[in-house]
Amino acid sequence: MLQYDVVVVGGGNAALCAAIEAAEAGARVVILESAPEHMRGGNSRHTRNFRCMHHGPLSVLTDTYGEDEYYDDLLRVTKGQTDPTLARLAIRDSEACLPWMERHGVIFQGSLSGTLSLDRTNAFFLGGGKALVNAYYACAEDLGVTIRYNAEVLHVDLSDGRFHSVTLADGEQIAGRAVVLASGGFQADLDWLTRAWGPGAENFLIRGTPYNRGVVLRDVLDQGAQSVGDPTQCHCVAIDGRAPKFDGGIVTRLDCVPYALVVNRDGDRFYDEGEDVWPKRYAIWGRLVAAQPDQIAYAITDQKAQGLFMPPVFAPVKAETLGGLAQALGLSGDALEKTVARYNAACQDGSFTPGVLDGLATNGLEPPKTNWARPLDTPPYYGYMLRPGVTFTYLGLKVSERAQVQGAHGPLPNVWAAGEVMAGSILGQGYLAGFGMTIGTVFGRIAGQEAASHAG
Amino acid sequence: MLDNTPNLQDEAARQFQICNSCRYCEGYCDVFPQLFALPEMTAASATHLANLCHNCRGCYYACQYSPPHEFDLNLPAVLAELRQDTWERHARPQALARVFHSHGVAVAAALIAGFALLFFLMATLRPESGEGFYAYLAHNAMVAIFAPAFLLPLAGLAYSLRSYWREIGGGRITWASLRHMGSSVARMKNLSGGADQGCNFEQGARYSNARRYAHQATLWGFLMCFAATSVATLMHYGLGWEAPYPFWSPPKLLGVPGGILLCLGTGALAWLKLRADPELGAARVWGGEMAFVLLLFTVSATGLALYAATGTGAVPALLAIHLGAVFAFFVLTPYTKMVHGFYRTAALLARR
Ligand SMILES: Cc1cc2nc3c(=O)[nH]c(=O)nc-3n(C[C@H](O)[C@H](O)[C@H](O)COP(=O)(O)OP(=O)(O)OC[C@H]3O[C@@H](n4cnc5c(N)ncnc54)[C@H](O)[C@@H]3O)c2cc1C
Ligand code: SF4
Ligand code: SF4
């Protein structure tokens, strides 16, 4: 049986940070990545930025983003559902992570065009997450880390409360003095999602890697590791309904909702499309659409709205009349026309300003549209199909401040976890853009250091 | 328009649409910011962006949608194909361009034809007296051969560029656009990866500046050799100072280091090309591109060898080979990869 000092399960950001730290501390390290080489890097390959605390300008980040402001931002989105100690630790450590990332090959660029300006809070990766992943793999290789692709771990041997070895899908066993679990969430296991969410989950699209099936998470939970978080909680956004089932990534987002009218399968509206600017609302729309019949919705705009939002990757359905559009979308023409007529009648005069809350609201409509409410009356009409897209699940392993996994009877002496697999400790619900990579980097590094010092 | 032009433009537009929704590669090169600023994608825009692309390949290795992903993103390849298509489309006669771009062997054959011609001329037109090179080939005979070999291709190239400029709607050239072009070329900015880390070529997903430096050695080496020839021509006709020139003279001071740079640069480019993935370029013309690099290498290497052999019996043979290579290089200019420099300069100048 092959024997290493540190076995790292997973091949995304958290795994790579752990492997690099452990190797730099002198440990013999193996990375076990279930994906083939060209699909390596899990959800991390889809990311674009990293949220980072800093005092004064740092690399591409401008101004200052202090601990308290960062923490307040987190509390707002999680509605207080967070572990304050771990959250503050992640925030505080993020500042030292950025230069560490640069030293290990990550290159940053300013905030991308078309994104809401994030250049104070989020550092963007040049080329995106796959470029980051490539840089880390190159760095790990240079440090002598053994990298195994197509190496799905099915079982982690935790007999007598400590780690001994892992078993791969082909039956091979690999032993280690310590293990870092960084194998992501379970969102790509649709059966598990269905058990948690109900049958509607079959219609969910998975925005990231098909390899995060929670196999290792399930295996260690079954062996008594403590869990944290709620299996129904996940980052779930409304995306283009024509996106691929897996791995559609960033381009499947649809930003038209604030300037549209959104109806369900029956042609009825169900929520205020103009409640807030889209970056603050896209994450709730996943759940809203998930609650509709068949987990589907349609955003309808007219000619006036073209050019107000980022171009979608799939061309919208287009028609000269509402009836024609309804037919092309497979909706009832009568129902759609009625809904639009009711909405148009409720629109009021006022000035329309895209991008800011303009207060142009409907009058006497239920549910209301509280901003950007202009009548839908200028053909051609456009239709965009929306479905819930799951980014990652929050149910995970409970860890200590040193990223150590907690067993039934206290900490497991040689088991650490980092990234999505333990993010539930910090994200009880809600999500803060760029925080996934922060959690993975901070706890990946800690886990790598701890595992190496245990092994050495 | 060639048969495949609309398909290539459509495929580039399909991929650009995905990029436009993603934007992760914005920082690599000039292509992305210009793409994102377009109100809509047109065939002319696709052609322009293709000629602006320097094939640094950053956007392939960084792309989460590269094959086997169903979005099948391979921007460096489709843009290389589209560039190739542009060059062939605007070249006259088109058939020559197609043959030379896709058949490295044809390039080599032309080169050999060049040799044969020279050997023939040397045998028949050899002057009774004369010094240095002219002892082997009459100066007037050289001019009679090289002037048309130089001027006709230039005229052809000018025609092609004008037709390209019209297609993309290049607009008026301003000082600002000249400055932008000059600094981009001088630093080979679009092979810098955006942060001076270099591009992705011989080391796959790892960045490297090797190709950028090899390209600059080739470019500067070529320009110095070109300047050496031009200065020598001026000295010959203007000052009546005829070759051979001593080492401490402008033609030699430019030509020797220029030749060394060109030789090293092209040698390195050929070596790097062997290590890079052909599927990220215009795979069907790999041979033609390689033959072009080797042709330039031959021009510089034989030039240096000729200089080293001064006064020995090897001169007649080396001279014939060197001049044959130069001859082939000039005649082929509108049809080889050499055109990339002209089109790309035009793309960098275009203010659309
Ligand atoms: C489209 C998209 C965009 C995002 N954008 C951002 C962003 O801009 N900023 C941000 O902070 N976050 C973003 N996120 C969230 C972010 O991707 C995650 O929080 C982060 O990547 C988690 O890193 P990780 O290393 O824990 O997991 P992953 O990167 O998913 O890595 C998990 C790894 O484990 C491997 N694996 C799984 N099971 C096994 C097994 N049984 N055996 C062996 N290996 C296994 C997988 O193949 C994978 O390599 C985005 C997510 C998506 C889907
Ligand atoms: S090449 Fe890929 S990663 Fe880069 S902008 Fe285009 S779609 Fe995005
Ligand atoms: S290959 Fe390089 S130069 Fe060409 S589009 Fe991609 S990043 Fe830009």
* For the protein assembly as shown, share of DSSP beta bridges that run antiparallel, in % to the nearest 5 -> 70 percent
* If you plug each phi of the range B:158-166 into the Karplus form 6.51 cos²θ - 1.76 cosθ + 1.60 with θ = phi - 60°, what whole-Hz ³J(HN,Hα) values come out, in order, with x for Gly and Pro? -> 4, 4, 4, 5, 5, 5, 5, 4, 5
* Structure fact -> With R₀ set to 35 angstrom, the calculated FRET efficiency between the beta-carbons of B:Arg162 and B:Ala309, to the nearest 0.05, is 0.25
* Asked: For the range A:237-389, what proportion of DSSP beta bridges, expressed in % and rounded to the nearest 5, is antiparallel?
  -> 100 percent
* **Relative contact order (%) - chain B, alpha-carbon pairs under 8 angstrom, separation at least six** => 26 percent
* Between A:Leu2 and residues 5 or more places away or on another chain, which pairs have amide H atoms under 5 Å apart, with H built 1.01 Å from N, and which residues are they? -> A:Ala175
* Name the longest site-free stretch of chain B, where the excluded sites are chymotrypsin sites (Phe, Trp or Tyr not before Pro) in a DSSP loop with no more than 15 other beta-carbon atoms within 10 Å. => B:1-240
* Structure fact -> Once the dipole of chain B is set up from charges on Cβ (+1 Lys and Arg, -1 Asp and Glu), the residue from the list B:Ser177, B:Phe115, B:Thr336 lying farthest towards its positive end is B:Ser177
* Asked: What's the longest bit of chain A with no exposed GluC sites (Glu not before Pro), using DSSP loop states and at most 16 other Cβ atoms within 10 Å as the test?
  -> A:1-171
* Neighbour net charge for A:Trp285 - beta-carbon separation under 15 angstrom, K R +1, D E -1 -> +2
* **Mean ellipticity per residue at 222 nm, deg cm²/dmol - from DSSP H runs of n ≥ 4 across chain B, formula -39500 (n - 2.57)** => -22500 deg cm²/dmol
* Asked: Using the alpha-carbon centroid of each, what span in Å lies between the range A:154-174 and the range A:241-302?
  -> 42 Å
* To do: Using a 1.4 angstrom probe on the protein heavy atoms only, line up A:Met310, A:Met1, B:Met41 by accessible area, largest first.
  => A:Met1, B:Met41, A:Met310
* Asked: Past the 31 Å Cα-Cα mark, which pairs from A:Lys130/A:Lys369; A:Lys79/A:Lys304; A:Lys318/A:Lys338; A:Lys245/B:Lys189; A:Lys318/B:Lys189; A:Lys79/A:Lys398?
  -> A:Lys130/A:Lys369; A:Lys79/A:Lys304; A:Lys245/B:Lys189; A:Lys318/B:Lys189
* Structure fact -> With x for Gly and Pro, the residue-by-residue ³J(HN,Hα) of the range A:118-127, computed from phi through the Karplus equation 6.51 cos²θ - 1.76 cosθ + 1.60 at θ = phi - 60° and given in whole Hz, is 10, 6, 9, 9, 10, 9, 8, 7, 4, x
* **Relative contact order (percent, whole number), chain A, Cα cutoff 8 Å, 6+ residue spacing** => 24 percent
* Taking the range A:238-308, which trypsin sites (Lys or Arg not before Pro) meet the DSSP loop condition and have no more than 14 other C-beta atoms within 10 Å? -> A:Lys245
* To do: Would you mind checking which residues have amide H under 5 Å from A:Thr62's amide H? H placed 1.01 Å from N; only 5 or more apart, or other chain.
  => A:Arg120
* For chain B, which cysteines have no disulfide-compatible partner, meaning no other cysteine Cβ under 4.7 Å? -> B:Cys19, B:Cys22, B:Cys29, B:Cys53, B:Cys63, B:Cys225, B:Cys263
* **Principal-axis tilt of helix B:315-332 within chain B, Cα atoms, nearest 10 degrees** => 40 degrees
* To do: Considering only DSSP beta bridges where both residues belong to chain A, give the percentage that are antiparallel (nearest 5).
  => 65 percent
* Can you list the HN-Hα couplings for the range B:14-29, worked out from phi with the Karplus curve (6.51, -1.76, 1.60; θ = phi - 60°), rounded to whole Hz and with x for Gly and Pro? -> 4, 5, 4, 4, 5, 4, 5, 8, 10, 6, 4, 8, 3, x, 6, 7
* Asked: If we count GluC sites (Glu not before Pro) as exposed when they sit in a DSSP loop and have at most 12 other beta carbons within 10 Å, what is the longest stretch of chain B that avoids them all?
  -> B:132-352
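The values are calculated or read from the model by the stated rules, or taken from the named source; none is laboratory data. Source: prediction; values computed, not measured. Glycine also receives a Cβ, built like all others from the backbone with ideal geometry; neighbour counts cover every protein chain displayed. Protein only, heavy atoms only, side chains kept; ligands, DNA and RNA dropped before computing areas. Shrake-Rupley method; radii C 1.70, N 1.55, O 1.52, S 1.80 Å.
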